[in-house]
Amino acid sequence: MEGAEVLGRLNWQFGEVVATQRETDRAKSITLSVPDWSGHRAGQHVDLRLTSEDGYHAERSYSIASAPEDRPRVTITVERIETGEVSPYLTDELHEGDKLELRGPIGGYFVWEASMGGPLFLVAGGSGIVPLMAMIRHQAASGSSVPTRLLYSSRSLAEIIYRDELERLAQGSKRLEVRHTLTREAPTGWAGYHRRVDADMLREVAWPADKHPLTYICGPTPFVEATATFLAALGYASQRIKTERFGPSG
Amino acid sequence: MENQLDGNASAGTLQAIFPFEMTEVTVTCANCDDSNLIAETVVYMSGMGTIVRCPSCDHALIRIAHAKHRSLLDLHGARVLQFNGDH
Ligand SMILES: Cc1cc2nc3c(=O)[nH]c(=O)nc-3n(C[C@H](O)[C@H](O)[C@H](O)COP(=O)(O)OP(=O)(O)OC[C@H]3O[C@@H](n4cnc5c(N)ncnc54)[C@H](O)[C@@H]3O)c2cc1C
Ligand SMILES: [Zn+2]
């Protein structure tokens with residue numbers, strides 16, 4: 001793996017919204033065209049900055065959902081937090097042609113490139129799927145042969161982000177396996193799991209520890225911590241578990 | 001506990017100060033001597049600033065405070081920052 005890369009200091013710049021797409025009732029994808037975008041690696045994020053009329057700033061981080069191969073466009077996916085300051089603006093009020101202030105790409109740790117190998121084990125809670133989707137899209141776009149398993153926890157079927165695309169990618173590939181768990185309502189006849197991620201579920205879905213999987217866990221802080229603890233107990237080496245915490249759970 | 005994040009969340013703020021991607025830098029705690037990647041530290045962020053804490057003993061390693069037209073960087077909780085690669 002590379003060490004700290006010399007990238008230069010980050011500066012704020014403006015991107016233009018060129019497309020938006022509703023993913024679920026609460027989640028929306030926003031595609032930006034950013035002049036002089038240097039390209040990104042799957043797993044990185046951008047910081048967005050909103051400025052109010054009186055000059056007050058609010059900054060938030062959003063993972064990049066698109067594959068590096070989609071350059072020069074960058075797509076983020078935002079889940080609306082009802083009481084939030086920034087996310088409702090992004091999901092409900094932002095339109096094509098609007099400008100957004102951002103800096104990035106950011107981060108070097110929670111990153112996967114096809115050259116890093118695998119097998120890959122990805123564990124997502126809610127909007128924690130976003131950076132992992134960039135990895136899955138990168139894997140597909142680069143034609144990588146790294147075997148990948150995704151375990152994705154959502155509240156309900158309707159809240160699964162990228163559900164159709166994940167199904168399509170998994171059907172068309174021998175390398176990608178997708179397993180869902182729903183923590184609240186599940187439809188009758190639901191074939192996936194219907195509970196929070198726990199040690200038994202991970203034992204069934206995760207690669208055996210002796211395959212030395214490379215693991216990425218992303219989602220609400222308590223979800224990430226519980227999952228990492230279960231995997232350590234299954235004998236997963238901590239140096240091959242990478243975590244990214246998005247904050248409180250909804 | 002309220003808004004507990006990790007070092008990934010502080011990456012942008014740090015890279016706006018240091019000319020590197022900082023989350024793969026190893027930081028040694030001045031209190032307990034434990035060393036961790038910045039990505040794996042505990043971070044709290046608010047409009048006021050950012051606090052990077054030791055995941056072993058909770059000591060404040062790095063504090064960045066934002067005020068009007070200036071930022072304050074307090075590194076005294078970090079004994080060593082180890083950068084890998086050629087700088
Ligand atoms: C590295 C990183 C990457 C991220 N990537 C994404 C992403 O790809 N997509 C995405 O939707 N979000 C992502 N987030 C979370 C995002 O940065 C914001 O925290 C989130 O959008 C809430 O902001 P807000 O201004 O709407 O809410 P705030 O005004 O900050 O918070 C309002 C209330 O909601 C609670 N709250 C805050 N965050 C959450 C949450 N995630 N779930 C439930 N309750 C919450 C707060 O405690 C508070 O009580 C990421 C966070 C980090 C650190
Ligand atoms: Zn310490």
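The values are calculated or read from the model by the stated rules, or taken from the named source; none is laboratory data. Note that this is a predicted model, so its numbers are computed, not measured. With ideal geometry, Cβ positions are generated from the backbone for all residues, glycine too; neighbour counts draw on all protein chains shown. When the accessible area is computed, the model is the full protein with side chains, heavy atoms only, and any ligands, DNA or RNA have been set aside. Shrake-Rupley method; radii C 1.70, N 1.55, O 1.52, S 1.80 Å.
Here are a few things to note about the model shown:
- Meets criteria (in contact with a Lys or Arg (Cβ under 6 Å, 6 or more places away or on another chain) and under 30 Å from B:LEU81 (Cα atoms)) for A:TRP12: yes
- Residue match in the stretch A:15-25 (condition: among the basic types (Lys, Arg), farther than 30 Å from A:GLY143 by Cα and either away from ligand 2 (no atom under 16 Å from the Cβ) or surrounded by 19 or more Cβ atoms within 10 Å (Cβ to Cβ) (or both)): no
- Selection count where residues are of a type outside the set (A, V, I, L, M, F, W, C) and either surrounded by 14 or more Cβ atoms within 10 Å (Cβ to Cβ) or within 16 Å of ligand 2 (Cβ to nearest atom) (or both), scope the stretch A:63-97: 14
- Strands (runs of 3 or more DSSP E) wholly inside chain B that include at least 1 residues being modelled with pLDDT of 95 or more and more than 22 Å from A:PRO248 (Cα to Cα): B:26-29, B:35-37, B:60-67, B:70-74, B:78-82
- Looking only at the stretch B:30-54, and only at residues there that are under 11 Å from the mean Cα position of the chain (by Cα) and more than 16 Å from ligand 1 (Cβ to nearest atom), the one that is surrounded by the most Cβ atoms within 10 Å (Cβ to Cβ): B:CYS54
- If the condition is being small (Gly, Ala, Ser) and open to solvent by 20 Å² or more (accessible area, probe 1.4 Å), then the stretch A:106-116 contributes A:ALA114, A:SER115.
- Filter pass, A:ARG60 being open to solvent by 50 Å² or more (accessible area, probe 1.4 Å) and closer than 28 Å to B:LYS68 by Cβ: yes
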